[in-house]
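Engineer: Pasting a structure here, questions to come.
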Amino acid sequence: MNRPEVWLARHGETEWSRSGRHTSRTDLPLTAEGEVEGRRLAPILAPVEFDLVLTSPRRRAAETAALAGRPEAEPDPDLAEWDYGEYEGLTTATIREAEPGWTVWSHPSPGGETADAVAARADRVITRVLAEARTRALVVGHGHQLRVLAARWLEQPATFGGRLLLGTATLSVLGWERETRAISLWNMRIPVGESRSGPAPPSP
């Protein structure tokens, strides 16, 4: 069986990510800062060879992939962000005015997806990566969906993703401890002026 690394890149900043508004179907572009963040990923990813490069079909993810030097990224609908239904565009604070204590991890989103539905999409991405990537895959996506993807990589329920913080334009690496799936790197933000060749692959 292939045991590829899976590199995860969250898209750069948008107006709604900056203000904390839940963004799924709304196809926002990157802000000027988000474009800078995307370009910052390019020198890290440039020397790395990927067998498979996937992106969410949403504009903010595809733009980030292109700015990071991977315009060939293939859109995969299973990488779309968690569908928040009626809570699209709302902040957690606003939602909690009607639903105290609400989080996407613990409460339903009326008209949106369940955690199990998002987990099923993440599982399909993992199955595809394991089948198509021999050494390394790159996945460009969204905050909640990538956190679910990491949880499912660890064979945990989708809600485990609530314990994995993930900033915009950060890099993470899902890897292996021998035959066991593990996290090699998580939520690495690229500082201004960063010129390293990127995080070293984990030891076999």
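Engineer: Are there any pairs, at least 6 apart or on different chains, whose C-beta atoms fall under 7 Å, with the first in region 107-133 and free of Cβ contacts under 8 Å to residues at least 24 places away in the same chain and closer than 13 Å to PRO77 by Cβ and the second hydrophobic (A, V, I, L, M, F, W, C) and not in a helix (DSSP H, G or I), and if so, which?
Structural biologist: Taking only residues 6 or more apart or on different chains, not a single pair turns up.
Engineer: Looking at THR180, is it touching an Asp or Glu at 6+ places or on another chain (Cβ under 7 Å), at pLDDT 95 or above and closer than 30 Å to PRO47 by Cβ? Break it down stepwise before answering.
Structural biologist: On the way: touching an Asp or Glu at 6+ places or on another chain (Cβ under 7 Å): no; at pLDDT 95 or above: yes; closer than 30 Å to PRO47 by Cβ: yes.
The answer is no for THR180.
Engineer: Please list, ordered by residue number, the helices (runs of 4 or more DSSP H) wholly in region 1-110 having 1 or more residues that are under 20 Å from ARG152 (Cβ atoms). Before you say what the answer is, go through the steps one by one.
Structural biologist: On the way: elements: 15-19, 32-45, 59-67, 92-98.
Filter on region 1-110 gives 59-67.
Engineer: Also, I was wondering about something else. Can you tell which of ARG121, ARG128 is part of a helix (DSSP H, G or I) and more than 25 Å from LEU45 (Cα to Cα)? Working first, answer last.
Structural biologist: On the way: ARG128 fails: more than 25 Å from LEU45 (Cα to Cα).
Of ARG121, ARG128, the one residue that is part of a helix (DSSP H, G or I) and more than 25 Å from LEU45 (Cα to Cα) is ARG121.
Condition check ((1) over 12 Å from TRP82 (Cα atoms); (2) surrounded by fewer than 20 Cβ atoms within 10 Å (Cβ to Cβ)) across all residues:
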| residue | (1), (2) |
| --- | --- |
| ALA120 | no, yes |
| ALA131 | yes, yes |
| ARG134 | yes, yes |
| VAL139 | yes, no |
| GLU155 | yes, yes |
| PHE160 | yes, yes |
| SER172 | yes, no |
| TRP176 | yes, yes |
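The values are calculated or read from the model by the stated rules, or taken from the named source; none is laboratory data. Just so you know, these numbers come straight off a predicted model, no measurement behind them. Positions of Cβ are backbone-derived with ideal geometry, glycine not excepted, and every protein chain shown enters the neighbour counts.
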